[in-house]
1. Just the residues that are open to solvent by 10 Å² or more (accessible area, probe 1.4 Å) and either assigned to a helix (DSSP H, G or I) or within 19 Å of Gly152 (Cβ to Cβ) (or both), please, taken from the stretch 85-96.
2. Would you point out which residue out of Ser124, Ser145 is in contact (Cβ under 8 Å) with a residue 40 or more places away in the chain and touching a Pro at 6+ places or on another chain (Cβ under 8 Å)?
3. Being in a helix (DSSP H, G or I), in contact (Cβ under 8 Å) with a residue 40 or more places away in the chain and surrounded by fewer than 16 Cβ atoms within 10 Å (Cβ to Cβ) narrows it down to one of Leu80, Leu75, so name that one.
4. I'm trying to understand the selection: among the residues of the stretch 17-43, which are modelled with pLDDT of 90 or more, open to solvent by 20 Å² or more (accessible area, probe 1.4 Å) and touching a Leu at 6+ places or on another chain (Cβ under 8 Å)?
5. Inspect the stretch 44-56 for any residue being open to solvent by 40 Å² or more (accessible area, probe 1.4 Å), at pLDDT 80 or above, within 13 Å of the chain's Cα centre (by Cα) and not polar (S, T, N, Q) and give the result as yes or no.
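The values are calculated or read from the model by the stated rules, or taken from the named source; none is laboratory data. Predicted, not measured: the structure shown is a model, and the values here were computed from it. Note that we place each Cβ from the backbone using ideal geometry, even for glycine, and neighbour counts take in every protein chain shown. Areas reflect the complete protein model, heavy atoms only, side chains present, ligands, DNA and RNA absent. Shrake-Rupley method; radii C 1.70, N 1.55, O 1.52, S 1.80 Å.
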Amino acid sequence: MFANAWRQFQRWIQRSETLGPVGLAMVVGLLSGLAAISLRYLIAWAHWLFFDFAVGVPALLGMANPGWGALVVILPAVGLALVSIVRRYAPEAMGHGIPEVQYAMRARGGRIRARIIGTKALASAISIGSGGSVGREGPIVQMGSALGSVIGQITGLNQEQVRILVACGAAGAVGASFNAPIAGVMFA
């Protein structure tokens, strides 16, 4: 029963020229905005874990507080080591984010794997939260674009329609990340 209803929904989305694409674009934009907010919270959590919690652990154990001297060097190195694990799980999640989306648009017709969303969020949060010198805009563009691609693939859209949803995801992500929706549209 559910499979039949899903196929009917897919056919309706694929045939629709107005309501279906606009509805999907709104869903992708909303999810991209929520992903941007979630990434901010993940970064704050990782920063707390690496610095506030890590500095307080020796005091909880009754040890002398080592101070910031060694931790300023050790904690970012630990973060970098954790992020390097991403290369095994989702190699296309490595890098800045925007060039990977451009490559997916050119070489793969906008097809981006779903695992990029969580992997990129976790790797970016650890990298930024542990003191890495990167920003959150590139990762959120890749996450938003991946959301658009996955939704396009799930609904059975053709290559051109998937590319449009990838652009919608990038626009929603940039708009949410910078609090500038018009800039997001211009970027996409």
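1. Val86, Arg87, Arg88, Tyr89, Pro91, Glu92
2. Ser124
3. Leu80
4. Correct list: Leu31, Leu42.
5. No, there is no match, as no residue in the stretch 44-56 is open to solvent by 40 Å² or more (accessible area, probe 1.4 Å), at pLDDT 80 or above, within 13 Å of the chain's Cα centre (by Cα) and not polar (S, T, N, Q).
Here's the yes/no breakdown for (1) polar (S, T, N, Q); (2) at negative phi; (3) at pLDDT below 75:
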{"residue": "Gly62", "(1), (2), (3)": "no, no, yes"}
{"residue": "Asn65", "(1), (2), (3)": "yes, yes, yes"}
{"residue": "Val72", "(1), (2), (3)": "no, yes, yes"}
{"residue": "Pro76", "(1), (2), (3)": "no, yes, no"}
{"residue": "Ala90", "(1), (2), (3)": "no, yes, yes"}
{"residue": "Glu100", "(1), (2), (3)": "no, yes, no"}
{"residue": "Arg106", "(1), (2), (3)": "no, yes, no"}
{"residue": "Arg113", "(1), (2), (3)": "no, yes, no"}
{"residue": "Ile116", "(1), (2), (3)": "no, yes, no"}
